[in-house]
There are 4 protein chains.
Amino acid sequence: MTNEKVLEAKNLITKGTVYQVGRVYESGMPMFGTRHYSLRIPQAFKIPGTNQAVYHDELVSGEMGQIGTQFDGLGHLGIGDLFYNGNNRSDFAQADGLTKLGIENVGPLVTRGLLIDVAAYKGVSQLGPSYEITAADLQGALQRQNLRIRAGDVVLIHTGWGSLWMKDNQKYIQSCPGIGLGAAQFLAGAEVTVVGADNWGVEVSPNPNASLAAPVHQLLIARNGIYLHENLNTADLARDNVYEFAYIFVPVPMKGATGSPGSPIAIR
Amino acid sequence: MTNEKVLEAKNLITKGTVYQVGRVYESGMPMFGTRHYSLRIPQAFKIPGTNQAVYHDELVSGEMGQIGTQFDGLGHLGIGDLFYNGNNRSDFAQADGLTKLGIENVGPLVTRGLLIDVAAYKGVSQLGPSYEITAADLQGALQRQNLRIRAGDVVLIHTGWGSLWMKDNQKYIQSCPGIGLGAAQFLAGAEVTVVGADNWGVEVSPNPNASLAAPVHQLLIARNGIYLHENLNTADLARDNVYEFAYIFVPVPMKGATGSPGSPIAIR
Amino acid sequence: MTNEKVLEAKNLITKGTVYQVGRVYESGMPMFGTRHYSLRIPQAFKIPGTNQAVYHDELVSGEMGQIGTQFDGLGHLGIGDLFYNGNNRSDFAQADGLTKLGIENVGPLVTRGLLIDVAAYKGVSQLGPSYEITAADLQGALQRQNLRIRAGDVVLIHTGWGSLWMKDNQKYIQSCPGIGLGAAQFLAGAEVTVVGADNWGVEVSPNPNASLAAPVHQLLIARNGIYLHENLNTADLARDNVYEFAYIFVPVPMKGATGSPGSPIAIR
Amino acid sequence: MTNEKVLEAKNLITKGTVYQVGRVYESGMPMFGTRHYSLRIPQAFKIPGTNQAVYHDELVSGEMGQIGTQFDGLGHLGIGDLFYNGNNRSDFAQADGLTKLGIENVGPLVTRGLLIDVAAYKGVSQLGPSYEITAADLQGALQRQNLRIRAGDVVLIHTGWGSLWMKDNQKYIQSCPGIGLGAAQFLAGAEVTVVGADNWGVEVSPNPNASLAAPVHQLLIARNGIYLHENLNTADLARDNVYEFAYIFVPVPMKGATGSPGSPIAIR
């Protein structure tokens, strides 16, 4: 982040309204494959002393950078063994953590954020399952919103799919509308920093080309070094027509992790 | 957070410089008691497809809200069974998570932040082990910095103790300089939102009164509903004499957790 | 276990055939409530050396004493705060482990084991959901098998419910046939050491008396100090009409745990 | 295990005395590298009902097959990518578990067990750090004990190193006396099933040949398909001169795991 981009974000704050764009982590939330999340409050700890200090902590277990609202780092996904910047998986993927491309290298993100409301552009509250968002969709929606992407921006996409979260988890995770390769290429060309969405993979799933799995991840993460932000809650922003804002997110700097939990915020 | 406070924070951003005030989570970092932190990168997952998508995630286990840089919520510590706002422990501390006072209720914090450099005020780079910071110390340091606390502010305290982190972990965790009850009362009276420090408990440890354990936690968290932010890295702010800034932190909204990991930022 | 009981078990070994009565722990197995089980193989570790030693280990997370084939210890369940032998929960249930009644106190179990095939006695391959096994059922089945219980024995009950394991997990966990209070009283009177079954709770669920939850657990564990062994695989024993055998089980001695994973064996 | 071997074990049971040869799993036990073990008792669960059923379970996290008393399976360690029986690591090491050589394939072990008390043979209570046990040592100790190894036996080696467990953990884990390549070759030639010891790696560490790391693991596990059993407590057997016994161990059948926790027993 350049100081200029931070100041550009600052200047988008005019009302002082903060939107929490991430979701609550909880038992039963939709998760990919056999990932899990468990939180337990142990028995209270009592510290000896006349003032009777009693405390709780929590034991958490899970694929913490890849469940719930999740921010994909550059060590998450590659093309065969080839990862971002020509790094070979065998050179940096160690049991104790990634020795390159770990999430702790990202640092704070404070930049201009845009919401592209593709659902509204298409005149629906929710795009259909496996609807592929095209570059033309993004361009049309931006035109409708009278906005242009600038280099270094974060782009969040509202598909309406997020309304299924914790309402119909099975449907939520089975497929999703999202961007296709054309839209991803458009965003990469616009030099965005992060692409987020209110679905579980940002990209359309399954891909219309049945022989491809996660090709948008490969294009954005591995080829272009663009982060993904998944399982967002963009409903409040869409409802209030908040299309331009300061986006702020600080990945939890877990050394050698592939991603990060945590909630980004949008301020206007 | 009121919109006014957010705008007050915004107006402290003049240069666009962002400081990451939290630490990296890593194996071997100092931890209290028998808490633990483990991160492992499993074998790579290969998704069937002609495009050879290969990915990693991470399995993490630990007391995630109470290790490393940690933000103490209001369900963390009480006086016997009595917690903040008259809540009895037995009413809300459940195995699956706190049903009241959980960290997911905090929401984003965007407010004016102050660094009080007590070490500099005392003319040292590091306060001694178990040095009790008094109300007079805070007032003197604020006067030296020509600043006043306003209601809703976040106050971070620089003791210099943080330079031991990952350098001499045993010394770091054995004791620490920090605020005593008088200083805590002063901060509570000033109606701050969060008190943070570059030590493991914000408060002096052990307390000069040997019969008391964690009394500052009780005063701030349980009696006044003030959050603590521990194991911060305030060295860069202190080095650059950055005493007033926008403090931004969004607790990871783990339902029913007692605290949160993650890195706050200071922007000026 | 007395030496006499061990020798009694020894003398039941006539063929040298060993039956593994426990199940495999795996992702997707039926579990109670929000319990979980996760196993991951991290990236390979490579030890420096000319001989290229490469190794794997596994990161496991779960409620290890209370998932899959599980052996309930005496600290698992009580009547209000009252647990076995007059112990009050608040005196021994600590965050770091039970300070009394922990599973590490059980030690190896080598004793005479009986299989009571209630399904065969009732002329079915599987008892119906929520069928309550009565004392008369146990007595009739024992008579059919021409066997008597002796003090110190382990009694395993075959209901046929276990055939649903990993076949119809939803049905398996929703309810189960099992012993009722009368049958439990009969077994307690016979001074058995362990009661096991091929269902998830040994006892009938839900209890025919809708106001009672887990009353058999209370009667056997809390009042009589009798262990339970759940989610067993008794199908092979039943198929081969193996009704009397050496039962051997050594709880994994996790200090302060409420139960244990692991597979008991039956040898004849 | 053949039925004959089971009956051979049975016939070694003459007194009915059972020795627990495994150790308690607890916080603070010696562990290799950055492995960890955590056990927590969550807040009590209360089941609705007039009978006030209250229960605890435990949340456990750790490298469960490779900490404390541990039984190494055939998928644990290889020579480069080559594992037992010509299996290539890339063919079976999956994130969700090993698809070949997983510990669930081992099954119950009921066989003749021997304790070889090398410490007593050398006239000491504890062999020195990094003492390499030779084939001649094993042969001499067997002669002293008037015993011969038979095919299918389990051999446990008493070095006396185990007396450091939880007494001087740092010394325990830093090095250890154990068998060298010659002794391992002797045991492999004798067609044993398992080699165990009261140290952390069975083999001498570091190896006298400084360029080799874990060569005995390679010889026994990868080349000969012989299991290792580490961190045993052989002190009681040695004290009572129990050199021949029924060895019984059932690996916890965690699907795809590299090893197993749990306590073997010796009965005579």
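The values are calculated or read from the model by the stated rules, or taken from the named source; none is laboratory data. These numbers come from a predicted model, not from an experiment. Note: ideal-geometry Cβ built from the backbone for every residue, glycine included; neighbour counts use all protein chains shown. Surface areas here come from the heavy atoms of the whole protein model, side chains and all, with no ligands, DNA or RNA. Shrake-Rupley method; radii C 1.70, N 1.55, O 1.52, S 1.80 Å.
General remarks:
- DSSP bridge orientation in chain C - percent antiparallel, rounded to nearest 5: 65
- Taking θ as phi - 60° and the Karplus parameters 6.51, -1.76 and 1.60, the scalar couplings of the stretch B:43-60 work out to 3, 5, 8, 10, 8, x, x, 6, 8, 6, 6, 10, 9, 10, 10, 9, 9, 10 Hz in sequence order, x denoting glycine and proline.
- Within the straight-line cut-off of under 23 Å between alpha carbons, the lysines reachable from residue C:15 are C:5, D:5, D:10, D:15, sequence neighbours fewer than 8 places apart in one chain being disregarded.
- Along the stretch D:249-258 the Karplus relation, 6.51 cos²θ - 1.76 cosθ + 1.60 evaluated at θ = phi - 60°, assigns HN-Hα couplings of 8, 10, x, 5, x, 7, 4, x, 7, 8 Hz to successive residues, with x for each Gly and Pro.
- With 20 Å² as the minimum drop in accessible area between chain alone and full protein complex (1.4 Å probe), the qualifying residues in the stretch D:7-22 are D:7, D:10, D:13, D:15, D:16, D:18, D:20.
- Set the Cα radius of gyration of the stretch D:83-207 against 2.2 N^0.38 Å, with N its number of residues, and you get 1.18.
- GNM flexibility winner over chain A from A:228, A:212, A:147 (Cα, springs under 10 Å): A:212
- Each semi-axis of the equivalent ellipsoid for the stretch A:157-268 is √(5λ) with λ an eigenvalue of the Cα gyration tensor; in descending order they amount to 21, 19, 15 Å.
- Computed FRET value (nearest 0.05) for residue B:143 with residue C:90, which takes r as the C-beta separation and R₀ as 35 Å: 0.10
- Relative contact order (%) - chain D, alpha-carbon pairs under 8 angstrom, separation at least six: 31
- Reported to the nearest whole Å, the Cα centre-to-centre distance from the stretch C:231-263 to the stretch A:29-100 is 34.
- Zero-based 10 Å bins, Cα pair distances in the protein assembly as shown, whole percents: 2, 10, 18, 21, 20, 16, 9, 4, 1, 0
- Near residue B:201, the amide H atoms lying under 5 Å from its own belong to B:231; only residues 5 or more places off or on other chains count, and H is placed 1.01 Å from N.
- Accessible-area composition of the stretch A:1-53, carbon plus sulfur, in percent [1.4 Å probe]: 53
- Sites matching GluC sites (Glu not before Pro) across the stretch C:96-204 that sit in DSSP coil, with at most 16 neighbouring C-beta atoms within 10 Å: C:191
- The stretch B:1-153 - Rg (one decimal) and Dmax (whole number), Cα, Å: 21.5, 69
- Ordering C:24, C:41, C:105 by the projection of their Cα atoms onto the charge dipole of the stretch C:1-123, which places +1 on the Cβ of Lys and Arg and -1 on the Cβ of Asp and Glu, puts C:24 at the extreme positive end.
- Sites listed here are trypsin sites (Lys or Arg not before Pro) in the stretch A:165-225 whose DSSP assignment is loop and whose Cβ has at most 15 other Cβ atoms within 10 Å: A:167.
- Between residue C:166 and residue D:3, the simple spin-label model (points 7 angstrom out along Cα→Cβ) gives 2.6 nm.
- In nm, spacing of pseudo-spin labels at residue A:47 and residue A:124 (7 Å Cα→C-beta vector): 5.6
- When both bridge partners sit in the protein assembly as shown, DSSP labels roughly 70% of those beta bridges antiparallel.
- Most fluctuating residue given options A:125, A:90, A:175, as computed from a GNM of chain A linking Cα atoms under 10 Å: A:90
- Going from the isolated chain to the complete set of protein chains, the stretch A:64-91 loses at least 20 Å² of heavy-atom accessible area (1.4 Å probe) at A:64, A:76, A:77, A:80, A:89.
- Taking other residues whose beta carbon is less than 13 angstrom from the beta carbon of residue C:23, and scoring Lys, Arg as +1 and Asp, Glu as -1, yields -3.
- The orientation-averaged shadow of the Cα convex hull for chain B, equal to a quarter of the hull surface, comes to 16.9 nm².
- As a ratio to 2.2 N^0.38 Å, the alpha-carbon radius of gyration for the stretch A:1-83 is 1.73.
- Interface area, chains A and B: about 6600 Å² of buried accessible surface, summed, with a 1.4 Å probe and ligands, DNA and RNA left out.
- Solvent-accessible heavy-atom area per residue, rounded to whole Å², over the stretch C:20-117 at 1.4 Å: 29
- By the compact-protein rule of thumb, 2.2 N^0.38 Å, the alpha-carbon radius of gyration of the stretch B:110-184 corresponds to a ratio of 1.14.
- C:186, D:83, B:45, ranked by accessible area, largest first (probe 1.4 Å): C:186, B:45, D:83
- Between the stretch A:156-217 and the stretch C:159-180, the alpha-carbon centres lie 39 Å apart.
- Structural descriptor for the stretch D:61-172: relative contact order 23 percent, calculated from alpha carbon pairs under 8 angstrom and at least 6 residues apart.
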